[in-house]
Amino acid sequence: MTEQNQSEQQNQGVSDDGSPKFGRLLLVLLFAVALIVAITFATEAYYTI
């Protein structure tokens, strides 16, 4: 019983560490997409003038 509890606690620790990294990755990906969209609109505006 104690070995199962220890393994469950270790698994919970790993999943808790993974959550902030996933959130950070999601924010970085959204920022990258927004940057690409901004560059696309900027170049379109530059070449149409």
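Extension gain for Ala42-Phe22 works out to 4.2 nm (0.36 nm per residue, less the C-alpha to C-alpha distance). Model label sites at Leu35 and Ile49, defined 7 Å from Cα along the beta-carbon direction, differ in position by 2.3 nm. Each residue of segment 31-44 is assigned a 3J(HN,Hα), and the resulting list reads 5, 5, 5, 5, 5, 5, 5, 5, 5, 4, 5, 5, 5, 5 Hz, derived from the Karplus form 6.51 cos²θ - 1.76 cosθ + 1.60 (θ = phi - 60°), x at Gly and Pro.
The numbers here are math on the coordinates, done by the rules we state, and not lab data. Because the structure is predicted, anything quoted here is derived from the model rather than measured. Here the Cβ is made from the backbone with ideal geometry for all residues, glycine too, and neighbour counts use every protein chain on show.
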